[in-house]
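First the structure, in the form of structure tokens, and then the observations on it.
The values are calculated or read from the model by the stated rules, or taken from the named source; none is laboratory data. This structure is a prediction, so every number in the text was calculated from the model and none was measured. Using ideal geometry, Cβ is built from the backbone for each residue, glycine included, and neighbour counts are taken over all protein chains shown. Surface areas here come from the heavy atoms of the whole protein model, side chains and all, with no ligands, DNA or RNA. Shrake-Rupley method; radii C 1.70, N 1.55, O 1.52, S 1.80 Å.
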Amino acid sequence: MNTKTENTNGLNYRDAGVDIDAGNQLVERIKPAVKSTNRDGVVTGIGGFGGLFQLDTERYQQPVLVSGTDGVGTKLLLARQLEKHDSIGIDLVAMCVNDILTCGAEPLFFLDYYATGKLKLDNAQAVIEGIAEGCRQSGCALIGGETAEMPGMYDGEEYDLAGFTVGVVDRPRLIDGSRIKAGHVVLGLESSGPHSNGYSLIRKVLERSGDDPAMKLGDKTLGEALLAPTRIYVKALLPLIENFELDGLAHITGGGISENIIRVIPEHLGLEVDLSSWQFPDVFDWLQSRGGIEEREMLRTFNCGIGMVILAGEDDADHICKALNKVGERVHRIGRVTDTADAPQRVQYIRS
């Protein structure tokens, strides 16, 4: 290796577009936010090669680890367009922890991946502080992550996000849908908006309509409604999982109501969903009217106001609703499980 230093035209990493010093500054900036997510089980803070977490094996008789990974899709493009970076991290955590919650799992820890063409410290700090807020809302620890500056892969200050979470559930309390029968009640917990799905279509509607994101839509602006962070249902549902028979849980994500609930129901069963049992929020009415979107397309693309679904026996449904109401959740009976022997399709929509 040539160690001569006379060549003053030699390149360094910063010349190639990667600023190691900026990355180090980001780590220092986010340390307080990361520390605020600590919980029992965290062994080390950020900065090492791996995040360490010690599982409480005395608490679980047959611990099953449940993992989940996700991103936030093209909602990122809208966040960048509106220059709002402080809540997209909540979306990232929500998409992961809500998924593993459907198995009955308590989220334990979270890791993130932030990739960009050029690291802008303020934006990255806002995103990661949002991730920390999502972790606090779900009771899991942010124990590590990766920030990658990749000029040429991303244009300028564009960035992308991915997240990964691990949770645990005692095997006897694992929720797998196997107990679901015809006659089970379908309970829907309200969403905060489109959450993190359907944004390619949302952005197309916004482009074609020409509507200003600053326009009023109910008690918010259109932009605020579209960027409302995904709701995290962990703290509302974990106590129910401990105390009630929840036979199925479905996180309403890509595929909307039509395709997500059916994923947790045995193949010989179907669904009847009553569309008059809840009111679509204003943002979905805007999408449907300004985009000329057919109702069935709305239902298979968006959550339409229902972000999480519980499937339970008739005898338990009222008690579950009361317990959720006590903690401030608005829950609706949106349908029932049916026998599909004589039904033309597995999901049927009615209006009572």
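A search for C-beta distances below 6 Å between a residue of region 17-33 that is touching a residue at least 60 places away in the same chain (Cβ under 8 Å) and under 15 Å from Asn123 (Cβ atoms) and any residue that is open to solvent by less than 20 Å² (accessible area, probe 1.4 Å) and part of a helix (DSSP H, G or I), counting only pairs 6+ apart in sequence or on different chains, returns Leu26/Ala124; Ile30/Ile128; Ala33/Ala132.
Residues in region 232-257 that are open to solvent by 20 Å² or more (accessible area, probe 1.4 Å), over 21 Å from Arg179 (Cα atoms) and in a helix (DSSP H, G or I): Lys235 alone. Which of the residues spanning region 258-291 are part of a helix (DSSP H, G or I) and under 27 Å from Asp339 (Cα atoms)? Of everything in region 258-291, those that are part of a helix (DSSP H, G or I) and under 27 Å from Asp339 (Cα atoms) turn out to be Ser258, Glu259, Asn260, Ile261, Ile262, Arg263, Val264.
In summary, Gln54 fulfils each of the numbered conditions (1) of a type outside the set (Ser, Thr, Tyr); (2) farther than 28 Å from Glu158 by Cβ; (3) surrounded by 13 or more Cβ atoms within 10 Å (Cβ to Cβ) with the single exception of condition (3).
Scanning region 206-231 for residues that are of a type outside the set (A, V, I, L, M), open to solvent by less than 20 Å² (accessible area, probe 1.4 Å) and in a loop (DSSP other than H, G, I, E, B) returns a single hit, Thr230. Only residues that are farther than 24 Å from Pro172 by Cα, part of a helix (DSSP H, G or I) and in contact (Cβ under 8 Å) with a residue 40 or more places away in the chain were counted in region 90-140, giving 21. Taking residues in region 37-62 that are farther than 22 Å from Leu26 by Cα and touching a residue at least 40 places away in the same chain (Cβ under 8 Å), and partners anywhere that are assigned to a loop (DSSP other than H, G, I, E, B) and open to solvent by 50 Å² or more (accessible area, probe 1.4 Å), the pairs with Cβ atoms closer than 6 Å and at least 6 places apart or on different chains are Gly41/Gln54.
So, in region 258-294, exactly how many residues are open to solvent by 40 Å² or more (accessible area, probe 1.4 Å) and within 24 Å of the chain's Cα centre (by Cα)? Step through it out loud before you land on a result.
Step one: list which residues in region 258-294 are open to solvent by 40 Å² or more (accessible area, probe 1.4 Å), which gives 259, 263, 267-268, 272, 276, 279, 281-282, 285, 288-290, 292, 294.
Filter once more, keeping what is within 24 Å of the chain's Cα centre (by Cα): 259, 263, 279, 281-282, 285, 288.
Here the count works out to 7.
Considering (1) part of a loop (DSSP other than H, G, I, E, B); (2) more than 22 Å from Ile90 (Cα to Cα); (3) out of contact with any Pro (no Cβ under 9 Å at 6 or more places or on another chain); (4) open to solvent by 80 Å² or more (accessible area, probe 1.4 Å), say which one Asn38 fails and leave the rest. Only one criterion is unmet by Asn38, namely (2).
Quick check on region 310-321. Is at least one of its residues out of contact with any Ser or Thr (no Cβ under 8 Å at 6 or more places or on another chain), touching a residue at least 24 places away in the same chain (Cβ under 8 Å) and in a loop (DSSP other than H, G, I, E, B)?
Residues of region 310-321 that are out of contact with any Ser or Thr (no Cβ under 8 Å at 6 or more places or on another chain), as a first pass: 310-321.
Checking which are touching a residue at least 24 places away in the same chain (Cβ under 8 Å) leaves us with 310-314, 316-317, 319-321.
Still in the list and also in a loop (DSSP other than H, G, I, E, B): 313.
Yes, some residue in region 310-321 is out of contact with any Ser or Thr (no Cβ under 8 Å at 6 or more places or on another chain), touching a residue at least 24 places away in the same chain (Cβ under 8 Å) and in a loop (DSSP other than H, G, I, E, B).
How many residues are aliphatic (A, V, I, L, M) and under 20 Å from Leu92 (Cβ atoms) if we restrict to region 42-81? Matching residues across region 42-81 total 8.
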